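The values are calculated or read from the model by the stated rules, or taken from the named source; none is laboratory data. Bear in mind the structure is a predicted one, so any value in this text is a computation, not a measurement. Neighbour counts are summed over all protein chains in view; Cβ atoms, including those assigned to glycine, are modelled from backbone coordinates with ideal geometry. SASA here: full protein model, heavy atoms, side chains in, ligands and nucleic acids out. Shrake-Rupley method; radii C 1.70, N 1.55, O 1.52, S 1.80 Å.
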Amino acid sequence: MQSKGGNNRQPVGQPLHKVIMVGTGGVGKSALTLQFMYQEFVEDYEPTKADSYRKKLMLDNEEVQIDILDTAGQEDYAAIRDNYFRTGEGFLCVFSITEHESFAATHEFREQILRVKGDDNNIPFILVGNKSDLEEKRRVSRHEALQLADAWRVPYVETSAKTKLNVEEVFKELMRHVQKRKLADGEASNGPKKTGRRKKRKCVIL
Ligand code: GDP
Ligand code: MG
């Protein structure tokens, strides 16, 4: 798997946020990723192809880099999936508002992620209802999705990779959560030990 998006060297001190796209096949993970990366709607991206992408962008007046891993079914192999999830700092859990099964499947993704992340409920995670342009084919109500998101205490955002609705916003919102989380972790690791299990101390370059 090759990383796309040009120069992959990370300047010292520049934040790099690792985001993972999860969800069942056909919900628009690749379309969202490619819309965010290249501002184009790709209708026929190879469904079995997982890829990673990197891009520099401005996030609240700071230059940051995002690393997006667009998964594509290989996650069925538990070892590969867990490895992917372990490296992820933030997750976009995507379903299609036109397919109820894809919504039901988000439970499983959430569980798998939490398991790998040691049942950390505060992991940066957004529930994404994609294909919002297909309102006439809607099978998952906004209410139902919001209820689930509330239960998980995560945001719910409806997007359209086709019309670009909320695409940039959802990636940026997730990155803000990741950034906040890293700050909190950094502070926690300098403070008193709270739990038995101690997180690996990270090297922070100021
Ligand atoms: P993935 O398997 O989750 O990566 O899904 P893809 O990104 O390959 O998308 C599956 C199909 O849904 C493709 O035909 C896309 O063109 C279509 N699609 C993806 N996002 C949208 C969207 O927001 N609106 C509409 N109308 N179609 C979409
Ligand atoms: Mg795909």
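Return the residues of the range 135-148 that are open to solvent by 80 Å² or more (accessible area, probe 1.4 Å) and in a loop (DSSP other than H, G, I, E, B); say none if nothing qualifies.
Correct list: ARG139 only.
So which residues in the range 99-137 are among the β-branched types (Val, Ile, Thr) and within 15 Å of GLU158 (Cα to Cα)?
Of all residues in the range 99-137, those among the β-branched types (Val, Ile, Thr) come to 106, 113, 116, 123, 126, 128.
Across the range 99-137, the qualifying residues are THR106, ILE126, VAL128.
Taking the range 1-37 as the search range and keeping residues that are within 12 Å of LYS56 (Cα to Cα) and at pLDDT 85 or above, which one is farthest from ligand 2 (Cβ to nearest atom)?
GLN14
Determine, yes or no, whether GLU40 is of a type in the set (Asp, Glu), at negative phi and over 15 Å from the mean Cα position of the chain (by Cα).
Against the criterion (of a type in the set (Asp, Glu), at negative phi and over 15 Å from the mean Cα position of the chain (by Cα)), GLU40 qualifies.
Determine whether ARG54 is closer than 17 Å to VAL19 by Cβ, at pLDDT below 95, more than 12 Å from ligand 1 (Cβ to nearest atom) and open to solvent by less than 90 Å² (accessible area, probe 1.4 Å). Please lay out each step first, then the result.
On the way: closer than 17 Å to VAL19 by Cβ: yes; at pLDDT below 95: no; more than 12 Å from ligand 1 (Cβ to nearest atom): yes; open to solvent by less than 90 Å² (accessible area, probe 1.4 Å): yes.
So ARG54 fails the test.
When the range 14-29 is examined, which residues are found to be near ligand 1 (Cβ under 6 Å from one of its atoms) and either surrounded by fewer than 23 Cβ atoms within 10 Å (Cβ to Cβ) or more than 18 Å from THR98 (Cβ to Cβ) (or both)?
Within the range 14-29, GLY25, GLY26 qualify.
Of everything in the range 154-180, what is assigned to a helix (DSSP H, G or I), open to solvent by 50 Å² or more (accessible area, probe 1.4 Å) and over 15 Å from CYS93 (Cβ atoms)? Give them in sequence order. If you could, list the steps in order and put the result at the bottom.
Keep residues of the range 154-180 that are assigned to a helix (DSSP H, G or I), which gives 167-180.
Now restrict to residues that are open to solvent by 50 Å² or more (accessible area, probe 1.4 Å): 168-169, 173, 176-177, 180.
Across the range 154-180, the qualifying residues are GLU168, GLU169, ARG176, LYS180.
From the list ALA151, ALA188, ALA184, which residue is in a helix (DSSP H, G or I), at pLDDT below 95 and either loosely packed, with under 12 Cβ neighbours inside 10 Å or within 12 Å of ligand 1 (Cβ to nearest atom) (or both)?
On the way: ALA151 fails: at pLDDT below 95; ALA188 fails: either loosely packed, with under 12 Cβ neighbours inside 10 Å or within 12 Å of ligand 1 (Cβ to nearest atom) (or both).
Exactly one residue qualifies, and that residue is ALA184.
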